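Worksheet: one structure, shown below.
The values are calculated or read from the model by the stated rules, or taken from the named source; none is laboratory data. These numbers were taken from a predicted model, which means no experiment stands behind them. Cβ placement follows ideal geometry from the backbone for every residue including glycine, while neighbour counts extend to all protein chains displayed. Surface accessibility is based on the protein's heavy atoms, side chains included, excluding ligands, DNA and RNA. Shrake-Rupley method; radii C 1.70, N 1.55, O 1.52, S 1.80 Å.
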Amino acid sequence: MRNIIVAAFLLLSESVLVGQTTQTLRGTIVDKESKYPLIGVNIMLTTSSTTVQGTTSDLDGSFRLENVPLGRQGISMTYLGYQEVILQDVVMDAGKETILNIEMEESIVEIEEVVITARRNGEVANEMATVSAREFSVAETNRYAGSRGEPARMASNFAGVQGGDDSRNDVVVRGNTPTGVLWRLDGINIPNPNHFSIPGTGGGSVTILNNKFLKNSDFFTGAFPAEYGNGIAGVFDLKMRNGNNEKHEFSAQLGFLGTELMAEGPLSKSNKSSYLATYRYSSLQLFQGLGIDVGTDAIPKYQDASFRVNFPRKNGGNIALFGIGGTSAIDILISTEEAPSIETLIYGSNDRDQTFGSEMGTLGLTYSQPLDASSYFKVTLAASHSSVNANHEYIDRSVVDGKFVLNQTVPILDYVFSENKYSAYFNYTKKINKQASLKIGLNADIIQVDYDDQARVVNLPTSSADTLSFDPWRKRWLAREAAPLIQPFIQYKYRFSERCTAVVGLTSLFYGINTISATVAEPRLGLKYELNDKEKLGLGLGLHSQTQAPYLYYYAEKSDSQGNPIAFNKDNIGLVKSIHAVASYDRMLGALSRIRAEVYYQYLYDLPVGADGSSFSLINSGSGFSRLFPSELTTGGNGRNYGVELTLERFFSDGYYFLVTGSLFDAKYRTLENVWRNTAFNGRYAFNILFAKEWTFNQKNSLNLGLKSTSVGGGWYGEVDLAKSQQQQEVVYQDETVNTLKFAPYFRQDVKLAYKINTQKITHEIAIDIVNLFDTKNILKKTYSPDHPDGPVVDEYQLGRLPLFYYRVDF
């Protein structure tokens with residue numbers, strides 16, 4: 001590692017004396033609703049002291065500013081009859097042109113000059129959103145300490161959002177299960193985009209989404225517009241950017257989490273077509289050499305890639321072919337241990353060898369075209385694949401003179417889960433006039449599943465006279481089926497005045513897996529009222545529904561006479577439904593700061609719960625590295641989430657920014673036993689403080705220090721049923737005490753230090769991001785560990801201090 005750092009600094013020193021101080025800023029500007037190019041928009045640099053101050057957009061809505069100083073720039077865009085756009089944090093680097101894609105909203109009153117600011121940093125791009133929505137940028141995924149360049153970990157800093165587990169990037173929104181989060185890419189609902197993902201979970205250990213191919217995207221935490229279906233908690237509406245269509249650019253990065261390469265450039269300069277491609281291969285084996293604990297001695301291996309080729313058409317049209325995908329694998333071999341250990345495993349069990357693999361991919365083709373100055377349509381076709389496979393072998397061993405003696409390893413689990421999805425997305429937007437617009441569309445999927453799982457039970461000796469034995473193999477999943485998922489929607493926006501906007505929408509959801517998975521009408525309503533130029537109020541109401549993880553429909557505890565498993569829950573569970581109500585207040589505190597407060601209430605019903613009246617509910621699932629094996633379920637449960645959230649934010653200006661978020665909430669559920677219990681994600685409070693300071697040297701180089709502090713209420717557990725835990729070799733709680741006991745609060749501090757050098761057409765960046773700076777011992781859960789001196793049930797802790805280094809060069 002020392003040699004890598006020395007080599008990086010030698011490379012920097014060769015070119016630091018001949019650096020450039022300017023770069024090109026260019027992009028396109030279109031109408032926010034019709035996507036039609038806007039001609040003659042005035043673009044001005046607001047923080048530049050050079051003679052090049054501004055320009056205007058051409059016939060294609062394109063603009064270009066040459067010789068823009070490096071560093072952070074402020075930009076304003078004005079157009080007669082449209083509301084002004086102000087961006088305060090546009091980063092200019094020597095190694096890469098900055099390309100912006102701007103949407104402007106038409107004013108409904110005739111004015112000779114624009115006086116109302118319509119959009120600033122962080123304001124959501126979706127024209128139908130009124131509350132609980134925020135745009136996030138690639139800069140934010142890099143800027144926030146501890147975010148590791150991931151959208152999900154970055155979003156955990158927002159009010160009402162928290163992570164579920166340091167070893168994973170699951171997103172808990174307002175106390176809901178992580179599986180309630182919908183992932184979309186260019187309009188298509190995509191599978192869980194994470195490495196080492198488990199069926200029925202919302203995250204994984206490392207994201208497949210490389211932030212280098214994303215452009216600014218939207219994140220919703222409640223009461224989202226009607227176009228978003230099959231989600232009850234939140235939405236990541238991701239957008240891929242196009243490659244540079246004028247010059248070839250490259251990027252390379254070496255870090256603990258992966259070795260990355262990126263290339264982009266023009267395919268044809270005459271028609272402005274472009275390509276963009278990224279590739280990453282894991283380099284976590286560096287951890288082992290440095291003695292850094294990542295939860296296991298096994299070396300996780302993963303790789304991912306993405307691409308996009310774009311072909312512009314006349315009048316703002318585009319045809320693009322895109323794809324993302326990744327594979328991951330890990331072998332956790334406990335049988336190689338030489339002596340008993342007091343360590344617990346985050347990624348495995350202490351009684352077996354495990355091999356695990358996962359893969360995910362999406363390939364899509366999208367066509368978008370403004371039909372005229374007032375209408376626009378977009379069509380996307382895609383195919384997606386995801387699969388996981390695992391094998392477990394039970395370890396039969398004894399201890400002799402303090403050392404393990406391996407007797408045998410016996411296969412006890414073998415499964416392969418595969419899902420294919422064929423998707424179509426269509427939307428048509430019509431701007432009826434300056435006040436009204438209509439958007440209609442359809443999401444349609446064909447979901448094919450192929451599940452094959454078999455396992456056998458280990459019978460442990462109960463006395464010295466007994467011997468270890470194994471039950472016969474039993475099929476628990478065997479399914480090869482397909483079902484359609486259809487979601488039409490319609491949305492209508494009306495602006496009563498320049499300050500008052502209403503959005504009404506309607507959607508439906510039909511899942512052909514059974515006869516009870518359908519909602520005929522899910523109404524949505526949004527209101528936004530600007531009290532003055534600094535303050536605004538918002539209101540959001542809506543009914544939302546979601547399917548269950550497909551594998552849960554096909555689990556079987558019994559088999560027929562031919563040994564085929566009987567899926568007893570397939571016709572018992574339908575859609576989970578959630579009614580959202582949100583009210584918000586926003587206020588600008590000067591030109592660079594703002595405060596936002598939101599209160600919300602959510603009522604969930606038709607929750608799948610245990611038909612036996614137990615405390616079991618699927619609302620507690622969605623995180624961790626284990627599948628669920630539910631007994632008979634029924635849709636008789638309900639839940640309620642309510643809370644208040646506060647955000648105080650200063651945009652990056654004058655060399656610093658800060659973000660303070662806090663939420664107080666309560667999330668409970670009720671099964672057939674008619675007792676309100678805490679959900680597994682009911683931390684009750686979450687607070688984040690982020691701060692960053694940037695020092696600039698020679699008008700081109702910079703040193704950035706980022707700090708983050710997080711405090712979250714502890715998780716829940718119950719009284720351990722020791723006899724059942726020993727029998728099942730995992731922690732089993734006494735049912736009447738589930739989620740009645742609380743772990744200590746979670747606390748973590750992160751720090752990130754990054755140094756950027758702009759040389760002649762090259763940008764270098766060296767950074768270290770230290771997660772859990774003070775190595776705080778945060779309890780994750782109870783775990784069964786019979787070899788532990790304090791066992792058999794002990795506390796399992798979150799990851800300790802984790803230093804993440806990377807070196808990146810853009811050229």
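Structure notes:
- For the criterion of being open to solvent by less than 10 Å² (accessible area, probe 1.4 Å), over 24 Å from Q760 (Cα atoms) and in a loop (DSSP other than H, G, I, E, B), L209 passes.
- Residue in the stretch 360-379 that is outside any strand (DSSP E or B) and at pLDDT below 95 present: yes
- Every residue from the stretch 476-500 that is buried (at least 17 other Cβ atoms within 10 Å of the Cβ) and within 15 Å of Y554 (Cβ to Cβ): R476, W477, L478, A479, A483
- Residue match in the stretch 786-793 (condition: more than 27 Å from Y144 (Cα to Cα) and of a type in the set (A, V, I, L, M, F, W, C)): yes
- Test for Y669: is it part of a strand (DSSP E or B) and surrounded by 22 or more Cβ atoms within 10 Å (Cβ to Cβ): yes
- Taking the stretch 1-104 as the region of interest, the strands (runs of 3 or more DSSP E) fully inside it that hold 3 or more residues being within 30 Å of I766 (Cβ to Cβ) and either at pLDDT below 90 or in contact with a strand residue (DSSP E or B) (Cβ under 6 Å, 6 or more places away or on another chain) (or both) are 22-31, 62-69, 71-78, 84-92, 98-104.
- Filtered residues of the stretch 267-283 (kept if assigned to a strand (DSSP E or B), open to solvent by 50 Å² or more (accessible area, probe 1.4 Å) and at pLDDT below 95): Y281
- Filter result (touching a strand residue (DSSP E or B) at 6+ places or on another chain (Cβ under 6 Å), part of a loop (DSSP other than H, G, I, E, B) and either crowded, with 24+ Cβ neighbours inside 10 Å or without any contact (Cβ under 8 Å) to a residue 40 or more places away in the chain (or both)) within the stretch 176-192: I190
- Breaking point among (1) open to solvent by 10 Å² or more (accessible area, probe 1.4 Å); (2) outside any loop (DSSP other than H, G, I, E, B); (3) more than 19 Å from A129 (Cα to Cα), for L509: (1)
- Failed item in (1) in contact with a Pro (Cβ under 7 Å, 6 or more places away or on another chain); (2) on the phi > 0 side of the Ramachandran plot, with R627 passing the rest: (2)
- Single unsatisfied condition, E264 versus (1) charged (D, E, K, R); (2) at pLDDT 95 or above; (3) assigned to a strand (DSSP E or B); (4) closer than 27 Å to G643 by Cα: (4)
- Out of V405, V416, V399, V449, one residue alone is open to solvent by 50 Å² or more (accessible area, probe 1.4 Å), in a strand (DSSP E or B), out of contact with any His (no Cβ under 6 Å at 6 or more places or on another chain) and at pLDDT 95 or above. It is V416.
- Candidates L741, L690, L705 - the one that is farther than 28 Å from D89 by Cβ and either in contact with a Leu (Cβ under 7 Å, 6 or more places away or on another chain) or not small (G, A, S) (or both): L741
- Odd one out for E649, checked against (1) of a type in the set (D, E, K, R); (2) under 21 Å from V173 (Cα atoms); (3) open to solvent by 20 Å² or more (accessible area, probe 1.4 Å): (3)
- Tally of residues being open to solvent by less than 30 Å² (accessible area, probe 1.4 Å) and either within 22 Å of S107 (Cβ to Cβ) or touching a Pro at 6+ places or on another chain (Cβ under 7 Å) (or both) across the stretch 54-73: 3
- Per-region count, the stretch 592-605, residues over 23 Å from the mean Cα position of the chain (by Cα), open to solvent by 60 Å² or more (accessible area, probe 1.4 Å) and farther than 14 Å from L541 by Cα: 1
- Only one of the listed residues (K439, K421) is crowded, with 18+ Cβ neighbours inside 10 Å, under 22 Å from the mean Cα position of the chain (by Cα), among the basic types (K, R) and on the phi < 0 side of the Ramachandran plot. That residue is K421.
- Residue check, N674 at positive phi and open to solvent by less than 20 Å² (accessible area, probe 1.4 Å): no
- Criterion: among the hydroxyl-bearing types (S, T, Y) and at positive phi - qualifying residue of S132, S167, S137: S132
- Count of the stretch 695-730 residues, restricted to those that are open to solvent by less than 80 Å² (accessible area, probe 1.4 Å), touching a Ser or Thr at 6+ places or on another chain (Cβ under 7 Å) and under 16 Å from S614 (Cβ atoms), is 1.
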